[in-house]
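Asks: Structure below; questions to follow.
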Amino acid sequence: MFGNMKEMLKQAQNMKSQMKKIKKELESIEVEGVSANGACKITMTADMKTKNVEIDETLLSSEAYVIENAIKIAVNDALEDAKDTSAKKLKAVTGGLTDGLPGF
């Protein structure tokens, strides 16, 4: 029984170490989100930190709601890509144990 417990603790420590490594890795992976017309592009890291926002000059002459919508679409696209990338990296370490858990 205690041998099993020791093995489980060892696995948990190993997983914790791997999670730290993945967290660091996610900080350096860049993903991109683009609006439907390509006039707005958002670059962020896979840990969801915004790195760059590009807005085409032609978009700037549009009405505010058009600019807002383009930014919203690009941000959501980048966030979706970041979440997918993060989930794939975590699943490789956890073997799917975090599936369905909030924040993973």
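Asks: Quick one: is Ala78 within 30 Å of Met19 (Cα to Cα), touching an Asp or Glu at 6+ places or on another chain (Cβ under 9 Å) and among the aliphatic types (A, V, I, L, M)?
Replies: Details: within 30 Å of Met19 (Cα to Cα): yes; touching an Asp or Glu at 6+ places or on another chain (Cβ under 9 Å): yes; among the aliphatic types (A, V, I, L, M): yes.
So Ala78 passes the test.
Asks: Working carefully through the options Lys51, Lys23, find the one that is within 23 Å of the chain's Cα centre (by Cα) and either aliphatic (A, V, I, L, M) or modelled with pLDDT under 95 (or both).
Replies: Lys23
Asks: Something else: Return yes when Lys41 is surrounded by 16 or more Cβ atoms within 10 Å (Cβ to Cβ), modelled with pLDDT of 90 or more and not in a helix (DSSP H, G or I) and no when it is not. Reasoning before the result, please.
Replies: Details: surrounded by 16 or more Cβ atoms within 10 Å (Cβ to Cβ): yes; modelled with pLDDT of 90 or more: yes; not in a helix (DSSP H, G or I): yes.
The answer is yes for Lys41.
Asks: Give me the pairs, please: first residue somewhere in region 45-61 and within 14 Å of Glu32 (Cβ to Cβ), second residue anywhere and surrounded by 10 or more Cβ atoms within 10 Å (Cβ to Cβ) and of a type in the set (Lys, Arg), beta-carbon distance under 6 Å, and either six or more positions apart or on two chains.
Replies: So the pair list comes out as Glu54/Lys41.
The values are calculated or read from the model by the stated rules, or taken from the named source; none is laboratory data. Quick caveat: nothing in here was measured; it's all calculated off a predicted structure. FYI the Cβ positions are ideal-geometry reconstructions off the backbone, even for glycines, and counts take in every protein chain you see.
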